[in-house]
1. Using 23 Å as the Cα-Cα cut-off, could you pick out the over-long pairs in 25/70; 254/283; 25/268; 138/268; 130/182; 182/283?
2. How large is the helix-only mean residue ellipticity at 222 nm for the chain, computed as the sum of -39500 (n - 2.57) over DSSP H runs with n ≥ 4, divided by its residue count, in deg cm²/dmol to the nearest 500?
3. More than 20 angstrom separation, counting every C-alpha pair in region 75-217; what % is that?
4. Quick one: work out the % antiparallel among DSSP beta bridges in the chain, nearest 5.
5. Can you work out the FRET efficiency for the pair residue 107 and residue 240, with r the C-beta to C-beta distance and R0 = 25 Å, to the nearest 0.05?
6. Relative contact order for the chain: what percent, with Cα pairs under 8 Å and sequence separation of 6 or more?
7. Please work out how much length the chain gains when fully extended from residue 171 to residue 283, using 0.36 nm per residue of separation minus the C-alpha to C-alpha distance, in nm with one decimal.
8. Roughly to the nearest percent, how much of the accessible area of region 51-161 is carbon and sulfur, given a 1.4 Å probe?
Amino acid sequence: MRRLSLWLICSLLVIAAPPVEARAKLNVVASFSILGDFVRNVGGDRVNVTTLVGPNGDVHVYTPAPEDAKRIADARLVVINGLGLEGWLPRLVQASGGKASVVTATKGIAPRNLGSEIDPHAWQSVLNAKVYVSNIGKALEAADPADAEIFRANERRYEEKLDELDREVRAAVEQIPPQRRKVISTHDAFGYFAAEYGIVFIAPLGVSTDAEPSARDIAAIVGQIRAARVPAVFFENITDPRLVRQIASETGVKIGGPLYSDSLSPEKGDAPTYIDMVRHNIKALTSALAD
Ligand SMILES: [Zn+2]
């Protein structure tokens, strides 16, 4: 009898707690590749992540594909940057007719303004990336409480890596002589990086890539490069390189990069993850700006 009740209890325990693999994974859509990487790091093998704007894509000017509405309809969570980055997304979420919750990963980050525009590129500060990860972790836990322990452990491990990355960036910037800590990039994507780590970025394009610079914009940048003795101009992975080449040829400064601004590289490229991206960028900056 005793043996039988023990058997019963064990059987009940097995029924009450199905093995992790048996439970369905959480479907999550991320608006662009950097967010997709954050979700993968926190969700691990308990989530299926789909990224709408893929490697080297430009999230500012994305035109949704017909299958994107279906992806959102099938998702429990849609993770977005917010701060005005994904202007095309609300209509897509509405058109999908799904019941996904929209999670704004920048919640709690003080936005930086550029004139009347909000700068959406908050992920370029590694400390902000930790806020993104914490928001994503909370959303995953709320959507799938059975896996909350797993998400919390993944989040802790990843945040430790981000802390180490933040220290690496500071140490790398220390290696650059203070008077050489200034660069030209194509669009104004590094304001949060600049504010956190003390490198000055000047860009012919504003915080979005949706407009071409005028001849007057370019002339102004050329003047700034000469006056401030900026040592290098940088390509970005998401923008047309011709503008940077033109500025370099008019000023004679060297070309560095590419800098990964708004998008990761494909799997086999230089920056398939956020951590790889930041490491690649600091290497590009230090090698072009060192004496
Ligand atoms: Zn951008």
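The values are calculated or read from the model by the stated rules, or taken from the named source; none is laboratory data. Computed from a predicted model, the values in this text were never measured in an experiment. In this analysis, Cβ positions are derived from the backbone assuming ideal geometry, glycine residues included, and neighbour counts consider all displayed protein chains. Just so you know, the surface numbers come from the protein's heavy atoms only, side chains and all, with ligands and any DNA or RNA stripped out. Shrake-Rupley method; radii C 1.70, N 1.55, O 1.52, S 1.80 Å.
1. Working: 25/70 17 Å; 254/283 16 Å; 25/268 26 Å; 138/268 31 Å; 130/182 26 Å; 182/283 15 Å.
Listed pairs above 23 Å: 25/268; 138/268; 130/182.
2. Numbers: 10 runs with 134 residues, N = 291.
Helix-only estimate at 222 nm: -14500 deg cm²/dmol.
3. Values: 5977 of 10153 pairs.
Tail of the P(r) past 20 Å holds 59 percent of the pairs.
4. Values: 3 of 26 bridges.
Percent antiparallel among DSSP bridges in the chain is about 10.
5. On the way: r = 33 Å, r/R0 = 1.31.
Approximately 0.15, to the nearest 0.05.
6. Working: 492 pairs, mean separation 50.4, N = 291.
About 17 percent, as a whole number.
7. Details: separation 112, 0.36 × 112 = 40.32 nm, distance 1.15 nm.
Value of the extension gain: 39.2 nm.
8. C and S atoms contribute 53 percent here.
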